[in-house]
Amino acid sequence: MDAYGKDSEAPHGPDGSGVARPPGAAPAASDTAGDTAGDRTGENRPEAHGPSGGSGPSDGSGPLDGSWPAPAVAAAPAVDSPAGPVGSADAPRAEEEPAGPGDTPRTGVAALSARYQVVAALALAVVAVTACAHLGMVFLHVAPSNTVTKQHGEAIDEWIYPEFEQNWKLFAPNPLQQNIAVEARAQVRMADGSTQTTGWNDLSAADGAAIDGNPLPSHTQQNELRRAWDYFSATHDAQDRAVGMRGSLSEQYLRRIVVMRLYREDGTSREGTVRSVQVRSRTTSVPPPRWSRERVSDTPSYRQLPWWTVSADEAARGVR
C-alpha cells in the first residue's frame, strides 16, 4: 500500500488539496487562507517542498520538521543624496524651493560693478542737467521779453546761435504766406582785363531743384542760404543799415556764401575773378486755396542791396 493511502491516488488540485478545481474556477476561501498561512510559514516556498510535495528535499537530507528558512534576498545598496539615502523611510523628500529675489540675474546698470555704476550715474546726471539747461535756453529764446532775457540775453544768444535757432513763424497766428528767393549777380574781372556783369542767378531755385526728388537732401541745401538771408534781415533795418555788432557779421556771412555759390554755379564767374557782388530778394505771395475768397497780388516785390566789394581771400576762391 502507498504511504499516502488511497487518497493519494485521487487527483490533486494546484494548491495541493484533494479535490481538483475545474479550469477557470475561483479558489475557495479556505484555500486562499491556507495559501496565505503557508506563505508566512514558508511551506509554499519551492525550497520547503521536494519534487513530490514533501517537506524537504528529495534526498531527505533536510530537517525532519520541514522548517526550512526562507532564502536571503540581498538588499539594494542605498544611494546617498543631499536629501538622505534613497529608499530610506526616514529620508526627507527633496522639494524644489522657489528662487528668491537675490537669485534673479542682474541686467543693465545693476550688472556693473560698483565703480562703473558710479560712473554711469554721473554720466546720466550730466546728460540730464545738460538737457534741462538746453530746454531752458530754448524756452527763454522763444519766450517774450522778460527780466531773465534782458539780463542774460547775450548768454542765451551765444548758446542758441547758430545751431539751435528756432523759427516759430509756422505756429504764429499769421503764418508766413510768402515765398522769398535770394538772387545774386557779380562784377567779374576777366583774363583780358575787362569787367563783365553777370545776370541775376536765382540761388534759391538751384537749392529747390537739388531738394526736389531727393529723399535725403543735405542740411546745406535746405537751410544755408535761407538762414543767411533771415540772419541778415533780422540784423538790418529797412534802409539796409546794420543794427548792432551782429549786423556786420551777418553781411560778411551772406557775402561769402554768395561768392562761393557764384564760383560754383555761374559760368562767367568761373572764367574770371569776382570783384564785387550784389544781392536781392524776390518776394511773392502764396496763392490762397480755391475755396477761399481772399485775393492777393501775384506781382513780386524786390529788396535790392548795394554792391559789396569782395575781399582778397574771397576773390581768390579761398572760401569753400
Sole residue being over 27 Å from Gly244 (Cβ atoms), modelled with pLDDT of 90 or more and open to solvent by less than 70 Å² (accessible area, probe 1.4 Å), chosen from Ala133, Ala125: Ala125
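Kindly check whether there is at least one residue in region 206-215 that is in contact (Cβ under 8 Å) with a residue 12 or more places away in the chain and either under 29 Å from Ser248 (Cα atoms) or within 34 Å of the chain's Cα centre (by Cα) (or both).
Residues of region 206-215 in contact (Cβ under 8 Å) with a residue 12 or more places away in the chain: 206-207.
Add one more test, that the residue is either under 29 Å from Ser248 (Cα atoms) or within 34 Å of the chain's Cα centre (by Cα) (or both), and what stays is 206-207.
Looking for residues that are in contact (Cβ under 8 Å) with a residue 12 or more places away in the chain and either under 29 Å from Ser248 (Cα atoms) or within 34 Å of the chain's Cα centre (by Cα) (or both), one finds at least one in region 206-215, hence yes.
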Would you confirm whether any residue within region 278-291 is under 14 Å from Arg189 (Cα atoms), in contact with a Leu (Cβ under 6 Å, 6 or more places away or on another chain) and surrounded by 14 or more Cβ atoms within 10 Å (Cβ to Cβ)? no
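Pick out the one residue from Thr147, Thr130 that is farther than 16 Å from Glu163 by Cβ and not hydrophobic (A, V, I, L, M, F, W, C).
Details: Thr130 fails: farther than 16 Å from Glu163 by Cβ.
Being farther than 16 Å from Glu163 by Cβ and not hydrophobic (A, V, I, L, M, F, W, C) holds for just one of Thr147, Thr130, which is Thr147.
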Condition test on Ala172, is it under 30 Å from Val258 (Cβ atoms) and either among the basic types (Lys, Arg) or at pLDDT below 90 (or both)? yes
Criterion violated by Lys150 - all others in (1) open to solvent by 70 Å² or more (accessible area, probe 1.4 Å); (2) touching a residue at least 12 places away in the same chain (Cβ under 8 Å) satisfied: (2)
Cβ-Cβ under 6 Å pairs, at least 6 apart or on other chains, region 119-142 side assigned to a helix (DSSP H, G or I), far side open to solvent by 90 Å² or more (accessible area, probe 1.4 Å) and charged (D, E, K, R): none
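The values are calculated or read from the model by the stated rules, or taken from the named source; none is laboratory data. All values reported here derive from a predicted model rather than from experimental measurement. Neighbour counts run over all protein chains shown; Cβ positions are idealised from the backbone, glycine included. Accessible surface is based on the protein model in full, side chains and every heavy atom, while ligands, DNA and RNA are left aside. Shrake-Rupley method; radii C 1.70, N 1.55, O 1.52, S 1.80 Å.
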